[in-house]
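Quick notes on the structure that follows.
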Amino acid sequence: MNSSVIVFPGSNCDRDIAIALEKMQFKNKMVWHKESKLPKSDLIVIPGGFSYGDYLRSGAIAGKSLIINEVIKAAKSGCLILGICNGFQILTETGLLKGTLLRNRNLKFINSDVNIKVINNSTKFTSKYKSNQVLKINIAHNEGNYFTDKDHLNKLKNENLIAFQYCDINGNISDQSNPNGAIENIAGIYNSKKNILGMMPHPERMVDNLISNTDGINLFASIMN
Amino acid sequence: MKFAVTVTLKKDVLDPQGKVVQDTLANLGMKSLKNIRQGKFFEIEIEERNQLKAEELINEMCKKLLVNLIIEDYKINKL
């Protein structure tokens, strides 16, 4: 399976995701944002970081970059797109995913391992997880407070487009288990066709027991499947 | 022609930065302070003599990049 990782000035999780993808046997290519053509890809990853120093709004400038037009075209033709952290913010700025990521409600940058629950395991990104499985995944962000309007929120719920929700170790979804104030504890969402996943937690940081755990592996294994 | 664009968070969107600034000013004794919303300000200069056309262009800039219409409102003023 061919994957491409888009690299912007200020991306800083691009190599981590490349290592995770290669570990899972993807044939991966790094694509600089100024390029106007994408290599043949089954999966495009927009990695975490601080593209363009978060100028204007997180993801705003990257969301209008040259390569993004190609990503949008690929997304519309059904290619799988995964946006992690800043990548999620960029996807909302392109309009590929609705809603936006506001500043964390405590106004602090949060770097911690949190529990998230797999809400929908019948997608190409999550088929290897069990429904309602609780994962421990790292988050590291300042703007992770997902917000969207009521109509879209209802659509997310009714069409099963919520990918992950923040929860406690037993899977209870409550305000106490919400690290950043995200509406309905949302940690990740899909588009209507479920070929685009945006998530704040970092699955690429959870692929090796030596440094963390392996709760992120099944996301890549699902895609590979 | 010069324009000022002011971008603010919509009324129903929480503005934690504005709240902290407000609380701090209250601590400094500003007793009649009622509410603060923090925003962004752009000063934009464009080469266009027709004001209507100029404003149209500024509107386009706001919608395409400067403003996130999901959470922000904007106002344009000619300087």
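Which ones in the range A:205-225 are within 14 Å of the chain's Cα centre (by Cα) and open to solvent by less than 10 Å² (accessible area, probe 1.4 Å)?
Across the range A:205-225, the qualifying residues are A:Met206, A:Gly216, A:Leu219, A:Phe220, A:Ile223.
What pairs can you find where one residue is in the range A:101-114 and facing chain B (nearest Cβ under 8 Å) and open to solvent by 90 Å² or more (accessible area, probe 1.4 Å), the other is assigned to a loop (DSSP other than H, G, I, E, B) and modelled with pLDDT of 95 or more, and their Cβ atoms are less than 6 Å apart, with a gap of 6+ or different chains?
Filtered contacts from the range A:101-114: A:Arg105/A:Gly181.
Among (1) under 19 Å from A:Phe88 (Cβ atoms); (2) free of Cβ contacts under 8 Å to residues at least 40 places away in the same chain; (3) crowded, with 16+ Cβ neighbours inside 10 Å, which single condition is A:Lys155 missing?
The number of the failed condition is (3).
For the range A:58-91, give me each residue that is charged (D, E, K, R) and more than 14 Å from chain B (Cβ to nearest Cβ). Give the steps one after another, and end with the answer.
First, the residues of the range A:58-91 that are charged (D, E, K, R): A:64, A:70, A:73, A:76.
If the condition is that a residue be charged (D, E, K, R) and more than 14 Å from chain B (Cβ to nearest Cβ), then A:Glu70, A:Lys73, A:Lys76 are the ones that fit.
If you go through the range B:41-64 one residue at a time, how many are within 29 Å of B:Lys19 (Cβ to Cβ) and modelled with pLDDT under 95?
Total satisfying the criteria: 0.
Which of the residues that make up the range A:130-149 are surrounded by 21 or more Cβ atoms within 10 Å (Cβ to Cβ) and away from chain B (no Cβ under 14 Å)?
Scanning the range A:130-149 gives A:Leu135, A:Ile137, A:Ile139, A:His141.
The values are calculated or read from the model by the stated rules, or taken from the named source; none is laboratory data. Everything numeric here is computed off the predicted structure, so don't read it as measured data. Note that we place each Cβ from the backbone using ideal geometry, even for glycine, and neighbour counts take in every protein chain shown. Each accessible area value is taken on the protein alone, full model and side chains, heavy atoms only, with ligands, DNA and RNA left out. Shrake-Rupley method; radii C 1.70, N 1.55, O 1.52, S 1.80 Å.
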